[in-house]
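Okay, structure first, notes after.
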Amino acid sequence: MKKALCYCGNVHPAKDLDELLGTLASGPALVRASLGRERLSYGLWLSDTALQRSASEQHRRLRAALDEHGLDVWTMNAFPLGDFHAPVVKHAVYHPHWGQPERLHYTLRAAELLAQLLPESRPYGSISTLPIGYGRDFADAGQLRLALNNLRAAALGLAEIESKSGKHIRLCLEPEPACVLETGRDAVRLFEQLRAEHRGEVERYLGLCLDTCHHAVAFEDANALLDELGAADICIGKVQLSSAVDLDPRSASARSALRALDEPRFLHQVRAQLSSGQVIGCDDLPESSALEAAERWRVHYHLPIHRERYGELHTTRDFLVAILRRLRAESPSTHFEVETYTWGVLPSADRPSSPEALASCIAEELRFAEGELA
């Protein structure tokens, strides 16, 4: 069975609707041409500013541009709500969180758009979203209660959209280091809590977005993770394909190569595995000196998925491949999305110098993923 594979548009800077429309020509249209195809599946991302402007136009310009450039949309990334390519993003990517009404409203606006974009032949869509929020924002149990209520409201909103449009859209929570949901076990606990109160809506409209970088950073085992999620009957509605940094921090050359990746825009959480198997961590690369005693580090930094090494550093490509090989047989409805959004902040030697060069890099990643899914 041919798998649903695309790449995520959050790699292209687009603060507003006009910028977004411009990126369709300079981004996915070039990727499609590089692959030599008439049409390309595209993982759409819009900032809230762009989404509200497009909605005010009944999405006429957006839909026309997608059609003009031969782009099909069946999944959206609704994790970043603001300017994802601002000079400094860091913790701002988690705001507003699911305890705040703005997150609910943005997500349902995205779902209403996706329902319009889904073709009649593909009435199922997915939307990835943040894992409730950043952990330190939820010290108060009342915030988590608000978040759960908003997730239920999102599920009810998706049910209403389905009743009107006939399109079934699943909202997929994406565990990430240092967030309320970081591991598969965290997801199992959350879904148990949600099901105890709202089982029907949870089963049909909520699921998991498994980001292969994030779970590898947490030192999870691919097969054990899938077994655990399967035993808990949690739907993996979407898989984001990305590779983390893997290194032995005792290597001076590896540490030097890692320092070259330290940049100011995105958060790069670090997790370290001790000889005992215990996993400890810190929120960003500049804080990692406290982890000296560890034997293995993994870093949240989306490296190109086809690369097994990045100079003196290893990647977690093996984890990604293990996930793909299981799910290609077991989960026919899962959506797969390449999400290397860090091309623009890689060291200059590896940073694409033009839109055409970036398109070629993304096309190479897509070819690799297609080979693994075949």
Q. If you take the residues of the range 165-206 that are modelled with pLDDT of 95 or more and among the acidic types (Asp, Glu), which of them is farthest from the chain's Cα centre (by Cα)?
A. ASP186
**Q.** Scan of the range 237-258 for residues that are more than 30 Å from TRP74 (Cβ to Cβ) and in contact (Cβ under 8 Å) with a residue 24 or more places away in the chain, ordered by number
**A.** VAL245, ASP246, LEU247, ASP248, PRO249, ARG250, SER251, SER253, ALA254, SER256, ALA257, LEU258
Q. PRO332: surrounded by fewer than 16 Cβ atoms within 10 Å (Cβ to Cβ), out of contact with any strand residue (DSSP E or B) (no Cβ under 6 Å at 6 or more places or on another chain), under 23 Å from ASP246 (Cβ atoms) and touching a residue at least 60 places away in the same chain (Cβ under 8 Å), yes or no?
A. no
Q. Any idea which residue in the range 260-301 is modelled with the lowest pLDDT, counting only those that are more than 17 Å from ALA92 (Cβ to Cβ) and charged (D, E, K, R)?
A. GLU292
(Q) Where the second residue is surrounded by fewer than 23 Cβ atoms within 10 Å (Cβ to Cβ) and of a type in the set (Lys, Arg) and the first is under 24 Å from THR75 (Cα atoms) and lies in the range 187-209, which pairs have Cβ atoms under 7 Å and are six or more apart or on separate chains? (A) GLU201/ARG152; VAL202/ARG195
Q: Considering only residues that are among the aliphatic types (A, V, I, L, M) and surrounded by fewer than 20 Cβ atoms within 10 Å (Cβ to Cβ), look in the range 347-362 and name the one that is farthest from LEU303 (Cα to Cα).
A: ALA357
Q. So LEU320 fits all but one of (1) crowded, with 20+ Cβ neighbours inside 10 Å; (2) out of contact with any Asp or Glu (no Cβ under 9 Å at 6 or more places or on another chain); what number is the exception?
A. (2)
Q | Residues satisfying the stated conditions in the range 165-219, i.e. of a type in the set (D, E, K, R), in contact with a helix residue (DSSP H, G or I) (Cβ under 6 Å, 6 or more places away or on another chain) and either closer than 30 Å to GLU308 by Cβ or part of a helix (DSSP H, G or I) (or both) | A | GLU176, ARG195, GLU201
(Q) Being more than 18 Å from the chain's Cα centre (by Cα) and within 18 Å of ALA4 (Cβ to Cβ) narrows it down to one residue among ARG351, ARG367; which is it? (A) ARG367
Q: Only residues that are farther than 20 Å from CYS361 by Cβ and hydrophobic (A, V, I, L, M, F, W, C): list them for the range 284-320, please.
A: LEU285, ALA290, LEU291, ALA293, ALA294, TRP297, VAL299, PHE319
**Q.** Residue that is nearest to the chain's Cα centre (by Cα) [pool: residues in the range 253-286 that are part of a helix (DSSP H, G or I) and surrounded by 13 or more Cβ atoms within 10 Å (Cβ to Cβ)]
**A.** LEU285
(Q) Here is a check on your reading of the model: is ALA154 buried (at least 19 other Cβ atoms within 10 Å of the Cβ), part of a helix (DSSP H, G or I) and touching a strand residue (DSSP E or B) at 6+ places or on another chain (Cβ under 6 Å)? (A) yes
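The values are calculated or read from the model by the stated rules, or taken from the named source; none is laboratory data. This one's a predicted model, so the numbers in the text were calculated from it and none came from an experiment. Backbone-built Cβ (ideal geometry, glycine too); neighbour counts: all protein chains shown.
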